[in-house]
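To keep things clear, I will list the structure first and then write my remarks on it.
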Amino acid sequence: MNSEMSGGVFGNGTSLSRRNFLKFCSGVAASLGLSAGMGAQIAHAITNPRRPPVIWLSAQECTGCTESLLRSQHPSLETLILDMISLDYHEALSAPSGHLAEEAKHKSMEENYGKYLLVVDGSIPTKDGGIYCKIADKTALEHLEEQAAGAAAIVAIGSCAAWGGIPASDPNPTDAKPVVDIIHDKPIVNIPGCPPNPYNFLSTILHFITFGELPELDDELRPKFAYGRLIHENCERRPHFDAGRFATEYGDIGHRKGWCLYKLGCKGPETYANCPSILFGDVGSGSWPVGTGHPCFGCTEKGVGFSKPLYELSELKTVTPPLIYPSVDQQVTQGTSPAAAALAGGVGGAVLGAGGVVLNVLGRAKKKEAAKAAQQEQDQSAKE
């Protein structure tokens, strides 16, 4: 057996070779905007026998964030929770349930006070004391305040936890709020998306494991490595936008040819995320909403996703497309354009002018011939 593969890099039977493991760590370093040399440091931190404890709180949510995480492959979920971190509490993934699950959570919180990472999934209802979401006879608001007290940092995963998402949409009957509106004394990182890409979450966790701190964040507390650029900048349909080629209806010629979806309400020009770069589901190219033919609806952007109507045009952060472009179904051979008419007029004028010159020359030649004939006739009469 290849010694490199025996036992795996973690020494517990995991069939991941050291070479592939180091490639993975270098890839994580690159995605975080770090130098390739940081891959070795990430590898050292991941293989540390003392795995960082993680408590996962679910509030007003649809479990989509967990479902997205379940489908990650680099690393797989079992590698993450069994080898890289210690997932001590998660309502959907914990082995124990009921009182046993609550006991395991509180034991981890006490033993790791000030050291564990708190992940929050879903918005927090605050109306009427938060009674609209309860777990183990406590409101989600009480759970959040209790678990945040001993956390080293908080990861708000998904748009609901990051800025309210669907539950906070008008008219917001439960007065749902994001984590940042409730907890003010802890480092918080937002990983918005509905669902968020699991690799943005995993890379953030690995950064924390390696360096003991969160990655560099933007003004909305999102990691810059994942939310630092507009979707519009890296979209495969961007060349069509610049050339003025737009789909105006689902199924029209522009839509079938893969033209820009801006006029169908695509929010990519005002939404910051790396969706077109890393895609979804590890199933190849085109595996993100715009790639499949549906406009981006801005799920990672506060005030856009779940707030703006789907067909409302984006507030462009870059150049606005001109309004004089022809529609996608206009026949280019129909009618005569002003330029073509001007060109035809110019050519016609030149032809007419040239014809006048020719006629003038011919007229003078005929006059000469007539005068010559008259002179010859006079000379003949004189001789006679």
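List of remarks:
- Considering only residues in the range 120-141 that are among the acidic types (Asp, Glu) and loosely packed, with under 15 Cβ neighbours inside 10 Å, the one that is farthest from ASP175 (Cα to Cα) turns out to be ASP137.
- Checking ALA92 against (1) within 18 Å of PRO52 (Cβ to Cβ); (2) within 30 Å of the chain's Cα centre (by Cα), the condition it does not meet: (1)
- Residue under evaluation GLU145, criteria (1) at pLDDT below 95; (2) surrounded by fewer than 20 Cβ atoms within 10 Å (Cβ to Cβ), criterion not met: (1)
- Selection over the range 52-79 of residues that are over 21 Å from the mean Cα position of the chain (by Cα) and assigned to a strand (DSSP E or B) gives a count of 8.
- Residues located in the range 66-98, provided they are within 16 Å of SER108 (Cβ to Cβ), in contact (Cβ under 8 Å) with a residue 24 or more places away in the chain and hydroxyl-bearing (Ser, Thr, Tyr): SER86, TYR89
- Identity of the residue in the range 84-111, touching a strand residue (DSSP E or B) at 6+ places or on another chain (Cβ under 9 Å) and among the acidic types (Asp, Glu), that ends up nearest to GLY150 (Cα to Cα): GLU111
- Scanning the range 220-245 for residues that are surrounded by 14 or more Cβ atoms within 10 Å (Cβ to Cβ) and out of contact with any helix residue (DSSP H, G or I) (no Cβ under 9 Å at 6 or more places or on another chain), we see that the one that is farthest from SER314 (Cα to Cα) is LYS224.
- Exclusive hit being at pLDDT below 85, in the same structural domain as ALA149 (by TED's automatic domain parsing) and in contact with a Leu (Cβ under 9 Å, 6 or more places away or on another chain), set SER86, SER72: SER72
- Inclusion of ARG245 among residues that are of a type in the set (D, E, K, R), in contact (Cβ under 8 Å) with a residue 24 or more places away in the chain and under 20 Å from GLY305 (Cβ atoms) is not warranted.
- Across the range 264-300, the number of residues qualifying as free of Cβ contacts under 8 Å to residues at least 60 places away in the same chain and either among the small types (Gly, Ala, Ser) or part of a helix (DSSP H, G or I) (or both) comes to 16.
- Checking GLU102 against (1) over 20 Å from GLY158 (Cα atoms); (2) modelled with pLDDT under 90; (3) surrounded by 15 or more Cβ atoms within 10 Å (Cβ to Cβ), the condition it does not meet: (2)
The values are calculated or read from the model by the stated rules, or taken from the named source; none is laboratory data. All values reported here derive from a predicted model rather than from experimental measurement. Every residue, glycine among them, receives a Cβ derived from its backbone with ideal geometry; neighbour counts consider all protein chains shown.
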